[in-house]
1. How many percent of Cα pairs in the range 3-182 exceed 29 Å?
2. For the range 3-182, what is the relative contact order in percent, using Cα pairs closer than 8 Å and at least 6 residues apart in sequence?
3. Could you sort 67-74, 55-62 so that the peptide with the highest average Cβ count within 10 Å comes first and the rest follow in order?
4. Take every DSSP beta bridge whose two residues both sit in the range 3-182, then give the antiparallel share in percent to the nearest 5.
5. Going by average Cβ neighbours within 10 Å, how do the peptides 98-109, 9-20 rank, with the highest at the top?
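Bear in mind that the values in this text are calculations on the coordinates, not laboratory data. Please read these numbers as outputs of a predicted model, since none were measured by experiment. Cβ placement follows ideal geometry from the backbone for every residue including glycine, while neighbour counts extend to all protein chains displayed.
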């Protein structure tokens, strides 16, 4: 899989369908906590494509645990995902959905977007950065910056997506516009 082409394709679809988020395969994060999780993922992977979920211990993740989500792909073609872990900062925003299938707790268009994005992460075997705006009723004032990393099961099959999800309020209308934030991301400026 050509990761850049896949990310460009996803971003073009996101723009066409007004998804309000895009994938940045360049991993240009705004703060160091993302880099720390990415370094942990790389060190645990070693010479393998990705680490196993079991290798990412609670002790390793203690500083970011409240911001994590772990999805498990339980079916392919079409892909279906179950929420295996949802951190407290995320449950306080959208409720606890642990153990539920995405299509049980999200509107159909949101569940489809999450599945498409998770498939990209698992099928490419690459970490991805996603930035966007929250589209939950009453939470539209939030910006999102998320790192998603692929994780394997005990048979080393890409099965889990772990997301480090941070949401920050847009303080004023004069802040940098959505369009200018994403203009340099591959596949977005092409439309």
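1. 15 percent
2. Relative contact order for the range 3-182 comes out at 24 percent.
3. 67-74, 55-62
4. 95 percent
5. 9-20, 98-109
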